[in-house]
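The values are calculated or read from the model by the stated rules, or taken from the named source; none is laboratory data. Please read all numbers here as calculations on a predicted model, not as lab measurements. FYI the Cβ positions are ideal-geometry reconstructions off the backbone, even for glycines, and counts take in every protein chain you see.
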Amino acid sequence: MHIPDGYLSPSTCAGLCAASAPFWYVSLRRLKRALHTRLVPLLSVFAAFSFIVMMFNLPLPGGTTGHAVGVAVAAIVLGPAASILAISTALVIQAIFFGDGGITAIGANCFNMAIIGSLVAWAVYRLISGRAPIESPRRVIAAAFAGYLSINVAALAAAVEFGIQPMLFHDASGAPLYAPYPLHIAIPAMMIGHLTVAGLAELVITAGVVAYLQRADPGLLLNTAPGATADPRTSGWTSTKPLWIALAVLMVLTPLGILAAGSAWGEWSPEDFTNPSARTEIATASRNAAPPVNAPAGMQRLASFWTAPMPRYAPPFLKSASFGYLLSALAGTGLTILVFLFAGWILNRQ
Amino acid sequence: MKSDFIERTLASLLSASEYAAHAESVAASRGALQRVDPRIKVAGLFALILVVAASRNLKTIAALFAAALLLAAVSSVPVTRLAVWVWSPVLFFTGTIAAPAVFLTPGATLATLGPLTITQQGLHSAAFLISRAETAATLSALLVLTTPWPWVLKALRTFRFPAVLVVILGMTYRYVFVILETALDMFESRKSRTVGVLEPAERRRLSAAAAGVLLSKSLHLSGEVHLAMQSRGFRGETHVMHDFHAGAADWCWLGGFASTAALAVWAGAL
């Protein structure tokens, strides 16, 4: 993918350099506005990271290994503008210092990998991931497609650049002066390797890094996920749906309490001590120990301290005991939810 | 025993580190090109690379390759190192691409090998591709092997390269080695904890997790670097200091580069 010197004519290189220039300019301006003093360290360190990731030896399905460019990772984490500049910087250092890719072909390599690669990766990732939650598996699939397609579209661009060379540049005898193969050879030759090994390498690294970041550092994925919803597994209606259903079922079943025989131990009113049937129930619940003749003085004094609006889950305006239970359950649950909503609102304000 | 992917990754990282260390030591030695003003050297070698790319004459490209060899010899650049680091990889990569062109390019038949036909145009085309790639790569290597990277960047600034990009390139180069060291440590520690053979899926997970950890560390590092820069007064303005002074010898070198390039352009166009 790193085009060396001598494969493309100087005019092709100049044309691709000129085509890259507006992207560099716009990216730099946008980032300067957005990052200000963070621009230099962020791009430098991320370009260095991209450079190192390109050296990773990735085990691929089928037993082979390959190297990735990491352009989709950059586009997903930083966005297209920063990715264009970071990958371009890494490519410039690779070309000048490490001789990986030609100096005259810097513009072409940046155009293919940094610009086309970043834009395709970003567009595919955004398109497939949509507004999916950050932790959604859909984002891993989107990253895999972004990695695979970005490197293949970049390879296709390089193949077209190679393929037009023999048509445009040849000597008097017809011998190609630069890349020797026409489009019908250059494209399949380039794409076979990228549709298989290089594409898989990019797929593995992009999907793998996104899956890792979802678990370890999801904040890094927020930059290119502006509409991401919260994870349905951890919040919102979907996650609490079973709880709400269970709560509704319990509320409907509350009248079952009427069917229970006897009374709950200790939940007596002062009147129960003078009511013969209630006294029998108190004695039964207390292992046949006879209750006092009158209600204790303290109980009598405090019983009138607060009168509940729905005493004994039986609102006075209702004749049906079952409906009274159900209405009490609804009212009690609703009040509890309101208390928590209010508490949440207070905490969020702080 | 076949080396695993951790060892191969370690080898890649170490080889980049060794190359950089060797480049620095050669750049610091006393050779002819090392004494040339970096601005003149950058301009001269870039001009020669452009001429190689534009040339339509194999003899001209061969002459420029010979000139590059001469420059390497007078600049204490070991030819064996050039062979290992530059010529062999380029020959392997470009040779693989160029070899089929000998048979696939239509033209006058030179020889027949069974069903394959070697054409004159195919041979020419392959020779152009390999000679251009080798010569340009040698000239690029000469620039880096005889000039410290910060000087190359300062020289770029002389040619109106935007200051902010020069600063980013300089910092990137520095942090390449910081992150390279981190990656080396990560893989070495992982290797020391790995017993037996990992399943392919586990190896892929390990690589992706390593890249993810390195990404998190890199972004954390960029935050720390930013704070450090701010604490030293960085407010977004970038400046590159110029402290080059071209002497008479440097102007002679400029003349040499210019005349060689002009001669090559004239000869290459024939």
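With respect to the stated conditions, A:ALA82 fails to be touching a helix residue (DSSP H, G or I) at 6+ places or on another chain (Cβ under 7 Å) and under 21 Å from A:GLY193 (Cα atoms). Listed by first and then second residue, the pairs linking a residue in region B:212-237 that is free of Cβ contacts under 8 Å to residues at least 24 places away in the same chain to a residue that is outside any helix (DSSP H, G or I), with Cβ atoms under 7 Å apart and 6 or more places separating them unless they lie on different chains, are B:SER216/A:ASP217.
Of all positions in region B:68-80, at least one carries a residue that is in a helix (DSSP H, G or I), over 17 Å from the mean Cα position of the chain (by Cα) and of a type in the set (Val, Ile, Thr). For region A:202-230, the set of residues classified as among the small types (Gly, Ala, Ser) and either in a loop (DSSP other than H, G, I, E, B) or under 22 Å from A:LEU127 (Cβ atoms) (or both) consists of A:ALA207, A:GLY208, A:ALA211, A:ALA225, A:GLY227, A:ALA228, A:ALA230, listed by residue number. The set of residues in region B:1-45 that are outside any helix (DSSP H, G or I), surrounded by fewer than 19 Cβ atoms within 10 Å (Cβ to Cβ) and among the charged types (D, E, K, R) comprises B:LYS2, B:ASP4, B:ARG30. The lone criterion from (1) more than 30 Å from B:LEU153 (Cα to Cα); (2) among the charged types (D, E, K, R); (3) surrounded by fewer than 24 Cβ atoms within 10 Å (Cβ to Cβ) left unmet by A:ASP100 is number (1). Among the residues of region A:177-212, write down those that are in contact with a strand residue (DSSP E or B) (Cβ under 8 Å, 6 or more places away or on another chain) and β-branched (Val, Ile, Thr). Correct list: A:VAL197, A:VAL204, A:ILE205. Are any of the residues in region B:8-28 among the basic types (Lys, Arg) and in contact (Cβ under 8 Å) with a residue 24 or more places away in the chain? Looking for residues that are among the basic types (Lys, Arg) and in contact (Cβ under 8 Å) with a residue 24 or more places away in the chain, one finds none in region B:8-28, hence no.
Residues that are more than 10 Å from chain B (Cβ to nearest Cβ), within 23 Å of the chain's Cα centre (by Cα) and touching a residue at least 60 places away in the same chain (Cβ under 8 Å) number at least 3 in the following helices (runs of 4 or more DSSP H) confined to region A:26-117: A:71-78. In region A:136-150, the residues that are farther than 23 Å from A:GLY193 by Cα and touching a residue at least 12 places away in the same chain (Cβ under 8 Å) form Cβ pairs under 9 Å with partners that are surrounded by 21 or more Cβ atoms within 10 Å (Cβ to Cβ) and of a type in the set (Phe, Trp, Tyr), at six or more places apart or across chains, as follows: A:ARG139/A:TYR125. Only one of the numbered conditions (1) touching a Pro at 6+ places or on another chain (Cβ under 9 Å); (2) under 19 Å from A:SER83 (Cα atoms) is violated by B:ALA155, and that is (2).
For the subset of region B:158-196 comprising residues that are within 10 Å of chain A (Cβ to nearest Cβ) and of a type in the set (Ser, Thr, Tyr), which member is nearest to the chain's Cα centre (by Cα)? Checking each candidate, the answer is B:TYR173.
The set of residues in region B:92-127 that are more than 11 Å from every other protein chain (Cβ to nearest Cβ), without any contact (Cβ under 8 Å) to a residue 12 or more places away in the chain and assigned to a helix (DSSP H, G or I) contains only B:PHE92. Scanning region B:72-95 finds no residues that are out of contact with any helix residue (DSSP H, G or I) (no Cβ under 9 Å at 6 or more places or on another chain), of a type in the set (Gly, Ala, Ser), assigned by TED's automatic domain parsing to the domain that holds B:ARG174 and surrounded by fewer than 22 Cβ atoms within 10 Å (Cβ to Cβ).
This table checks each residue for (1) surrounded by 23 or more Cβ atoms within 10 Å (Cβ to Cβ); (2) touching a Leu at 6+ places or on another chain (Cβ under 7 Å); (3) assigned by TED's automatic domain parsing to the domain that holds A:GLY199.
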position: A:ASP5; (1), (2), (3): yes, no, no
position: A:ALA18; (1), (2), (3): no, no, yes
position: A:PRO22; (1), (2), (3): no, no, yes
position: A:VAL26; (1), (2), (3): no, no, yes
position: A:ALA34; (1), (2), (3): no, no, yes
position: A:PRO59; (1), (2), (3): yes, no, yes
position: A:ALA82; (1), (2), (3): yes, yes, yes
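Note on region A:294-350: residues that are part of a loop (DSSP other than H, G, I, E, B) and touching a residue at least 60 places away in the same chain (Cβ under 8 Å) total 0. All told, B:LEU139 falls short of being modelled with pLDDT of 90 or more, facing chain A (nearest Cβ under 8 Å) and within 30 Å of the chain's Cα centre (by Cα). Out of A:PRO270, A:PRO255, A:PRO276, report the one residue that is more than 51 Å from the chain's Cα centre (by Cα), farther than 30 Å from B:ALA210 by Cα and modelled with pLDDT under 80. None of the other options fit; the residue is A:PRO270. Only one of the numbered conditions (1) modelled with pLDDT of 90 or more; (2) buried (at least 18 other Cβ atoms within 10 Å of the Cβ) is not met by A:LEU183, and that is (2).
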